[in-house]
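So the structure is just underneath, and the comments pick up after that.
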Amino acid sequence: MGMLERIKPVSWFKANAAEVLRNVAEDRTPYIITQNGEAKAVVVDIASYEATQETLALLKLVQLGREDVKAGRVRPLRDVIEEMRQRTRDGQ
């Protein structure tokens with residue numbers, strides 16, 4: 001089933017919710033649900049949703065790191081390693 005075949009009105013979704021859930025669980029292809037001709041929701045399987053959320057979190061971390069570099073909030077790796085060794089020796 002192609003993506004265009006997965007665009008369905010909310011009335012169809014209400015009548016076929018069990019089928020939609022079964023299909024997204026089996027082949028991980030989302031459905032787009034429309035209301036009054038406009039896309040309003042996407043139904044995806046939980047594994048795909050969780051993977052998307054993890055990807056977004058990682059991208060956010062990358063962006064925060066780039067902002068730190070740009071703002072000069074960085075330290076040489078040697079200094080960080082030495083600090084960690086010192087903390088280990090001091091029992092922190």
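The values are calculated or read from the model by the stated rules, or taken from the named source; none is laboratory data. Just so you know, these numbers come straight off a predicted model, no measurement behind them. As a convention, Cβ positions derive from the backbone with ideal geometry for all residues, glycine included, and neighbour counts pool all protein chains shown.
For segment 1-17, enumerate the residues that are part of a helix (DSSP H, G or I) and of a type in the set (Lys, Arg). Before the answer, list the steps.
Just the residues of segment 1-17 that are part of a helix (DSSP H, G or I), to begin with: 3-6, 10-15, 17.
Result: Arg6, Lys14.
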Among the listed residues Arg28, Arg22, identify the single one that is surrounded by 11 or more Cβ atoms within 10 Å (Cβ to Cβ), of a type in the set (D, E, K, R) and touching a residue at least 12 places away in the same chain (Cβ under 8 Å). Arg28
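A quick yes/no check of all residues on (1) closer than 30 Å to Glu26 by Cβ; (2) in a helix (DSSP H, G or I):
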position: Glu50; (1), (2): yes, yes
position: Lys60; (1), (2): no, yes
position: Lys70; (1), (2): no, yes
position: Arg73; (1), (2): no, no
position: Asp79; (1), (2): no, yes
Selection status of Asn36, surrounded by 13 or more Cβ atoms within 10 Å (Cβ to Cβ), among the polar types (S, T, N, Q) and either out of contact with any strand residue (DSSP E or B) (no Cβ under 7 Å at 6 or more places or on another chain) or in contact (Cβ under 8 Å) with a residue 40 or more places away in the chain (or both): no
Residues satisfying the stated conditions in segment 18-48, i.e. within 16 Å of the chain's Cα centre (by Cα), part of a loop (DSSP other than H, G, I, E, B) and either modelled with pLDDT of 95 or more or at negative phi (or both): Thr29, Pro30, Val44, Asp45
Looking across segment 81-92 at residues that are of a type outside the set (D, E, K, R) and part of a helix (DSSP H, G or I), the single one that is farthest from Thr29 (Cα to Cα) is Gln86
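Do the conditions hold for Arg89, that is, is it of a type outside the set (Gly, Ala, Ser), exposed (fewer than 11 other Cβ atoms within 10 Å of the Cβ) and either over 16 Å from the mean Cα position of the chain (by Cα) or farther than 23 Å from Ser11 by Cβ (or both)? Before the answer, list the steps.
Details: of a type outside the set (Gly, Ala, Ser): yes; exposed (fewer than 11 other Cβ atoms within 10 Å of the Cβ): yes; either over 16 Å from the mean Cα position of the chain (by Cα) or farther than 23 Å from Ser11 by Cβ (or both): yes.
In short, yes.
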